[in-house]
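Worksheet for the structure shown next.
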Amino acid sequence: MWIKRSFGRWARRARCALAGRSLGLPLVGGGVLLLIATLVRGVCGSPYENGILLHCKELLPPVWLMTLLWMVWYVLLGGAFALVMSDRRCDPYTVSQRLGGGMTYLGMLMMGFLWYPTFFCAGRVFAASLIVLGVLALCVFTALLYWRAYRPAALLLFAHALFLLWMLVLSVAVMFV
């Protein structure tokens, strides 16, 4: 029992000592997320070409605005995730919020990357609507987890929830076109 407690304390001190934050980490996190999003978009093609097939091209914003928003969202989401994961505070509350929120954050991102090929490549509009609902629920849940410990990341996630609402409206509107 004593060995287990002392090892737990030692492991917590080691994690806290290694959790230093650097300014480049949010840029790296945002860059990695943007790279993954670019790969997903490159495999599936342009949303405007596929939007013609789904009869939703008139619902999409101009190309330059869509590209700018898309790039900014993924850089900000990746940077916020990197900041949260590199937090130095080691009290049990923030560690549990960081790890629990980190898992829901990763689930939200993976489901978000699944929406694009489901909607634009496969044309499965109903499935894409269900995916967006799941991403929206995970986004709000993660923001609520981060609210007390990481307020800037939570505010960014609430703003991302508004973007997800637009994606939901787009998915549902295509069903009725």
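The values are calculated or read from the model by the stated rules, or taken from the named source; none is laboratory data. The structure displayed is predicted, hence computed values, not measured ones. Positions of Cβ are generated from backbone atoms using ideal geometry, with glycine treated the same way; all protein chains shown enter the neighbour counts. Accessible surface areas use protein heavy atoms only, side chains included; no ligands, DNA or RNA. Shrake-Rupley method; radii C 1.70, N 1.55, O 1.52, S 1.80 Å.
Structure values in brief
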| quantity | calculated |
| --- | --- |
| Segment 93-177, accessible surface, carbon-and-sulfur percent (1.4 angstrom probe) | 79 |
| Spacing of the two label points (7 Å from each Cα toward its C-beta) at Val63 and Trp147, in nm | 4.2 |
| Exposure of Thr118 as accessible area (Å², to 10), given a probe of 1.4 Å and all protein chains | 20 |
| Heavy-atom accessible area per residue - segment 94-177, 1.4 Å, Å² | 46 |
